[in-house]
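Bear in mind these aren't lab numbers, they're just calculated from the coordinates by the rules spelled out. The model shown is predicted, which means the values in this text are computed figures rather than measured ones. Virtual Cβ from ideal backbone geometry, glycine too; neighbours counted across all protein chains shown.
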Amino acid sequence: MNKREFGDCFNEECALIGVWNHQEAANLAYLGLYSQQHRGQEGAGIVSYNDDNCKLYIHKGIGLVSEVFDDFDFQRLPGRNAIGHVRYSTAGDCRLAEVQPFQAEISNGRMALAQNGNLINNAELRSGLIKEGAIFTSTSDTESILHLIARKAQKNPPVKAVIEALPSIKGAYSLLILFNDRLIAARDPNGLRPLVLGEINGSYVLASETCAFDLIGATFVRDIEPGEIVEISGSKDIASHFPFGKSKGTPCIFEYVYFSRPDSTWNGKNVYQARKKMGHELAKESPIEADIVVPVPDSGVAAAIGFSEESGIPFEMGLIRNHYVGRTFIEPQQSIRDFGVKIKHNANKQILNGKRVVVVDDSIVRGTTTKKLIKMFRAAGAKEIHVRITAPPTKGSCFYGIDTPTQEQLIAHQMSVEEIKEYIDADSLAYLSIDGLYRAVNSEKGSMCDACFTKNYPIGVPSSCTVE
Ligand code: AMP
C-alpha cells in the first residue's frame, strides 16, 4: 500500500536492529535492516560505536535501505557495536531530522537511540520537557525518550537512567539504546511491538523480527519479554531487569494478520503458520461454493492456502503483483483508469475467466483496494466474487505503531458488513471472527492487543484522540 493520510495522531511503523561486539557490526546491521524493509520504507539509519576512539559514527538518509546505503563504504561506520532503524511515518514531513537512530552527548558519554512503536503521552511529555528547556530537532516521540534518559543519566549509570526514565513514558515501545560501554534493549510492559534476541559467532544481535537473523546467519535465542530491559556489555555479558514486574503483556495480534514477514517467528508463533490457520478457520466459519481460491498477494497468500486446504477448492494465483513498484509513478498524460491499483496488481484473465472466485485478503481498511480489485476481477470475466477477510472488520485506529487511518476513514467504522459488501460490489463478504482469529494464533481471547478490531485499547489512547 502507498502512504495513507493521517489525522492529528502521530503514528509510525519501524524496524530495529542491534549488533554487539562483532567485527562487522554496521554491515550486519545494514543487512538486518534490509530484511526488515517491509516495516518501514521512508528512511534508514545506522549508528556504530568505535571503542578505539570512543566515538559514535552515523549514516542515515531518506529512502529505502538500498538507496541510503547505495555504494556505501562500511569503514565509515567503524566499531564492533551498532544499532539501526528503518522508518515509515505518516505524520510530519519526511525530513532527515526525523530519521533514526538519534544520537546525543549526555553526562556519561554519547548515546544513540532507536524506537519501534508510538507513545500515547508524547504531547504532554514534549511540552513538559520544552518548558524545562529541552531543545527538540525533530517531531519524533523518540526524541522525548532521549531527553528523559539524558536527564536521568546526570545522576545514574546507563541502565539505571533507562529504568528511571521509562515509567514516565506510556505507549508501545521497543527500544535499542547504544551507550559507550553497553547496549540496552527494552520492550514496553505490554510488549506491543516485537523484539527478539539472537546470536552470531558468539556475539549478540537484536531485531524486530527473526527474518533479520536468517539473512545474517544468526540463531534465534529468545523474545525480549514484555517489560524486560536487557543490558549487554563486555564481550558477551547479559543481564535482565524487570522494573515493571513480569507479565505476559498484550502483544499486537495485527503483526500476525498483516505486518510481520511470514517467515518470522515471535511470541512462539510462526507468522506464516498463523496466517494459514486463519485461512482454515475462515473456511470453516464462512464456507462457500466456488471454483478457485485467489489471494491478494502478498499478505493474503498464506491464508488463501489455508482456505484452499480446508475447503478443497483449488488455490490459483488469479492476481499477480508487480514487486518492483516504486513509491512514485509517472502516469501518462491521458490518465489510465484505476492506475494506482493496476500498477501493483494485475488480474490473471486466463485463470479468472468464467470462474466463481473466493478472494482472500487480510483486511479492508478504507475499502478502495478491494473495490478496485473486484472491478478488475469482473472485467477479467470472473462469474462470482466472494471476498473472505482473514481478520475481523478493522474498526479502530492503531495508536501503538501500526499505520492506520483515523477511525472516520475506516470503512468498517462507517458501514455494516452488508453495506461494505454492496460498496465493494462482492457477491458475498465474510470476515474471520475474533474467536477464530485467536484460535488461529493459538492464544486465549483477549490475551493480545486486538484494539484495531475491538477498540479495547490496553493502554489507552493519546489525550488528543477520541475513540467512539
Ligand atoms: P484499503 O484499500 O484501504 O481498504 O486497503 C486494504 C489493503 O491494505 C489490504 O490489501 C491490506 O493488505 C493492506 N493493509 C492492511 N493494513 C495495512 C497497513 N497498516 N498499512 C498498509 N497496508 C495495509
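Taking R0 as 51 Å, what's the FRET efficiency between Glu309 and Ala104 from their Cβ-Cβ distance, rounded to 0.05?
Values: r = 52 Å, r/R0 = 1.03.
Efficiency at R0 = 51 Å is approximately 0.45.
Between Ser127 and Lys349, take the C-beta separation as r, use R0 = 51 Å, and let me know the FRET efficiency to the nearest 0.05. Please report the intermediate quantities before stating the final value.
Numbers: r = 57 Å, r/R0 = 1.11.
Taking R0 as 51 Å, the efficiency between Ser127 and Lys349 is 0.35.
Sorted by packing (mean other beta-carbon atoms within 10 Å per residue), highest first, where do 399-409, 341-351 land? Numbers along the way, then the final one.
Values: 399-409: 20.6, 341-351: 16.1.
Ranked by mean Cβ neighbours within 10 Å, highest first: 399-409, 341-351.
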query = Whole-Hz Karplus ³J(HN,Hα) for segment 347-355, in order, using 6.51 cos²θ - 1.76 cosθ + 1.60 and θ = phi - 60°, x for Gly and Pro?
reply = 6, 8, 4, 4, 7, 8, 4, x, 9
query = How far is it, in nm, from the label point at Glu199 to the one at Ser247 when both lie 7 Å from their Cα along the line to the Cβ?
reply = 3.1
note = Taking 14-24, 117-127, 77-87, 372-382 and ranking on average Cβ neighbours within 10 Å, highest first, one gets 77-87, 14-24, 117-127, 372-382
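When the helix-only estimate is applied to the chain (DSSP H runs of n ≥ 4, each -39,500 (n - 2.57), divided by the residue count), what is the mean residue ellipticity at 222 nm, nearest 500 deg cm²/dmol? Numbers along the way, then the final one.
Values: 15 runs with 118 residues, N = 468.
So the calculated ellipticity at 222 nm is -6500 deg cm²/dmol.
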Volume per residue of the C-alpha convex hull in the chain, rounded to whole Å³ = 142
key: Contour minus Cα-Cα distance for Val221 and Ile135 (0.36 nm per residue)   = 27.1 nm
inquiry  = When a/c reaches 1.5 or more, the comparison of a/b and b/c decides; with that in mind, is segment 48-191 rounded, prolate or oblate per its Cα gyration tensor?
reply    = oblate
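For Leu96 and Ser447, what is the calculated FRET efficiency with R₀ set at 51 Å and r taken between the beta-carbons, to the nearest 0.05? It would help to have the intermediate numbers written out before the result.
Working: r = 40 Å, r/R0 = 0.78.
FRET efficiency, Leu96 to Ser447: 0.80.
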ask   = Of the listed peptides 434-440, 177-183, what is their order by residue-averaged count of other C-beta atoms within 10 Å, with the highest listed first?
value = 177-183, 434-440
task = Could you count how many Lys pairs in segment 156-291 have their Cα atoms under 26 Å apart, skipping same-chain pairs fewer than 8 positions apart?
result = 14
ask   = Among rounded, prolate and oblate, which fits segment 252-405 when a ≥ b ≥ c are the square roots of the eigenvalues of its C-alpha gyration tensor, a/c under 1.5 means rounded, and a/b larger than b/c means prolate?
value = oblate
message = Rounded to whole Å, give me the distance from the Cα center of segment 176-232 to that of segment 380-429.
response = 35
ask   = Residue by residue, what Karplus-based ³J(HN,Hα) values in Hz, rounded to whole numbers, does segment 317-324 have, using 6.51, -1.76 and 1.60 with θ = phi - 60° and x for Gly and Pro?
value = 8, x, 9, 10, 9, 8, 7, 10
remark   = Quick note, segment 3-249: a/c under 1.5 would make it rounded; otherwise a/b > b/c is prolate and the rest oblate (a ≥ b ≥ c, C-alpha gyration tensor); here it is rounded
message = Which aspartates and glutamates, if any, have their Cα less than 13 Å from the Cα of Lys383, not counting same-chain residues under 8 positions apart?
response = Glu289, Asp291, Asp425, Asp427
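Figure the gain on full extension for Asp73 and Arg337 (residue separation times 0.36 nm, minus the Cα-Cα span) and round it to one decimal in nm. The partial results should precede the final answer.
Numbers: separation 264, 0.36 × 264 = 95.04 nm, distance 4.40 nm.
Gain on extension, Asp73 to Arg337, equals 90.6 nm.
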